[in-house]
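I have placed the structure first, in the form of structure tokens, so that the comments after it can refer back to it.
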């Protein structure tokens with residue numbers, strides 16, 4: 001914990017009652033200690049996110065009274081941090097708490113359905129199939145009609161509520177996209193009855209037994225077999241000669257990996273930067289943007305960036321995002337829009353979880369809370385930052401059922417269509433992206 005933060009929290013603690021009621025458990029003491037401090041430290045974000053902290057305090061205090069043992073204690077704290085609506089919030093064990101086991105239901109082996117979902121209009125639609133869903137004959141483009149007998153939308157709303165009870169989500173879109181991907185995992189062996197409708201209108205029913213399958217979103221609908229790069233950055237050329245760079249993770253050497261991709265792509269008339277599935281990390285954002293500022297030039301529509309790297313690219317850019325893009329992934333992608341360099345498209349705004357964080361050691365000595373206290377990137381969103389909001393695309397683009405059926409990535413296709421018409425695409429022209437390659441000497 002930073003010294004200034006420690007002083008602030010100690011000052012807050014000094015204002016609390018000096019003695020706790022006799023007979024309080026460690027869980028009750030931790031909760032009584034944390035609730036007012038969190039309200040004070042996170043107040044601005046709680047108000048922005050419309051969190052009723054009085055209601056939260058009553059709920060968590062009551063839960064603490066019922067807790068029996070250290071595992072229940074941990075569960076109560078997980079519920080507490082989930083109520084912050086903060087994608088970065090965590091309960092961390094201190095040395096004394098490392099032996100505390102999570103409740104049995106949270107430790108049970110997990111398995112998945114073998115599919116990802118997306119929303120097209122009012123319908124939930126199968127986006128990808130793999131593992132068990134593929135074995136069961138499910139195909140992309142099928143509409144999800146029921147789950148265990150419940151209407152799909154009703155089931156999804158309930159599922160998001162279950163996940164948010166102990167999981168941390170900064171925005172509604174963050175929770176929804178998580179539910180459509182990682183949220184389709186359950187205890188291994190769970191049987192889930194699905195009612196579906198094929199694009200032809202034919203109804204079908206399948207019951208899938210959840211088995212081991214990786215449910216972390218991988219970003220693009222698919223990545224070409226001949227794509228080059230690393231697990232962190234993939235890149236390829238389209239048949240029309242445009243470049244595509246998929247930034248899967250925000251690793252420390254991301255700018256250098258992107259530079260390698262630019263060198264490999266060579267002279268291309270336009271580039272798509274695809275951030276979908278990027279969970280964040282840490283990297284030099286100025287160095288990344290510098291790779292997209294021509295040699296000897298400076299970009300200064302909002303924040304100032306100098307050209308960087310040996311082969312900087314100065315042509316048209318379209319950036320793809322959605323709410324699977326989190327933390328440094330959304331500030332890294334968002335700067336291309338907010339600082340005037342490129343055109344953003346996506347299914348939704350990014351997750352909205354980018355913030356300054358603090359920690360709080362609890363009196364029991366078992367756990368520490370980690371939580372957001374202020375939004376990062378204050379220049380984004382007209383001065384409101386990113387936390388609890390996300391970065392909204394210039395243009396919202398949903399998948400098309402016919403594209404899913406044929407394996408076409410609708411969002412990537414839209415990005416390439418914009419580049420093919422650049423700068424005459426009506427939506428692009430309406431957005432008035434400040435960067436014009438001609439003004440920076442790019443031909």
- Message: From Cα pairs below 8 angstrom and at least 6 apart in sequence, can you work out the relative contact order of region 306-443, rounded to a whole percent?
- Response: 27 percent
- Degrees, to the nearest 10: 26-48 long Cα axis against longest axis of the chain: 40 degrees
- In the chain, what % of DSSP beta bridges are antiparallel (nearest 5)? 75 percent
- Over region 141-247, relative contact order from alpha-carbon pairs under 8 Å, at least 6 apart, %: 23 percent
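For a test of the definition: using alpha carbon positions, the gyration tensor, and the 1.5 limit on a/c, classify region 343-409 as rounded, prolate or oblate.
oblate
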- The distance between the Cα centres of region 29-77 and region 191-259, in whole Å, is 37 Å
- So the angle from the long Cα axis of helix 69-82 to the longest Cα principal axis of the chain, reported in degrees to the nearest 10, equals 40 degrees
- Task: Work out how far the C-alpha atoms of the chain reach from end to end along every principal axis, then list the three figures in whole Å, largest first.
- Result: 76, 56, 35
- Query: How much length, in nm to one decimal, is gained on full extension between residue 203 and residue 54, taken as 0.36 nm per residue of separation minus their Cα-Cα distance?
  - Reply: 48.9 nm
- FRET efficiency, 1/(1 + (r/R0)^6) with R0 45 Å, evaluated for residue 94 and residue 231 via beta carbons: 0.85
- Query: In nm, to one decimal, how far is the residue 384 label point from the residue 146 one, both placed 7 Å along Cα→Cβ?
  - Reply: 4.0 nm
- Measure nothing fancy, just the Cα-based angle from helix 254-265's long axis to the longest principal axis of the chain, in degrees from 0 to 90, nearest 10. 20 degrees
- Message: Looking at the chain as a GNM with Cα springs under 10 Å, which of 327, 355, 398 has the largest mean-square fluctuation?
- Response: 398
- Looking at the square roots a ≥ b ≥ c of the eigenvalues of the Cα gyration tensor of region 227-346, which shape do they give, rounded for a/c under 1.5, prolate if a/b is larger than b/c, or oblate? rounded
- Could you state the number of Å between the C-alpha centres of region 371-443 and region 148-179? 26 Å
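Any idea what the relative contact order of the chain is, in percent, if you count C-alpha pairs under 8 Å spaced at least 6 apart?
15 percent
Going by how many other Cβ atoms sit within 10 Å of their own, how do 209, 324, 410 line up, fewest first?
So the residues, fewest neighbours to most, are 209, 410, 324.
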- Task: Would you look at the GNM of the chain, springs on alpha carbons closer than 10 Å, and say which of 227, 328, 89 moves the most?
- Result: 227
- Message: Taking a ≥ b ≥ c as the square roots of the Cα gyration tensor eigenvalues, with a/c under 1.5 meaning rounded and otherwise prolate when a/b beats b/c, else oblate, which class fits region 78-118?
- Response: oblate
- Stretched fully, the stretch from residue 396 through residue 105 gains (0.36 nm per residue minus C-alpha distance, one decimal, in nm) 101.0 nm
- Query: Can you tell which of 213, 104, 34 shows the greatest fluctuation in a Gaussian network model of the chain with Cα springs below 10 Å?
  - Reply: 104
- Item | Residue order, fewest to most surrounding Cβ atoms within 10 angstrom, among 86, 361, 231 | 231, 361, 86
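What value, in deg cm²/dmol to 500, does the helix sum -39500 (n - 2.57) over DSSP H runs of n ≥ 4 give at 222 nm once divided by the residues of the chain?
Computed ellipticity for the chain at 222 nm equals -10000 deg cm²/dmol.
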- Item | Cut-off 13 Å, label 7 Å out along Cα→Cβ of residue 439, residues of region 301-319 by amide N | 301-303
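Quick note: the coordinates plus some simple rules give every number you see, no bench work behind them. Every value quoted in this text rests on a predicted model; they were computed, and no experiment measured them. Glycine also receives a Cβ, built like all others from the backbone with ideal geometry; neighbour counts cover every protein chain displayed.
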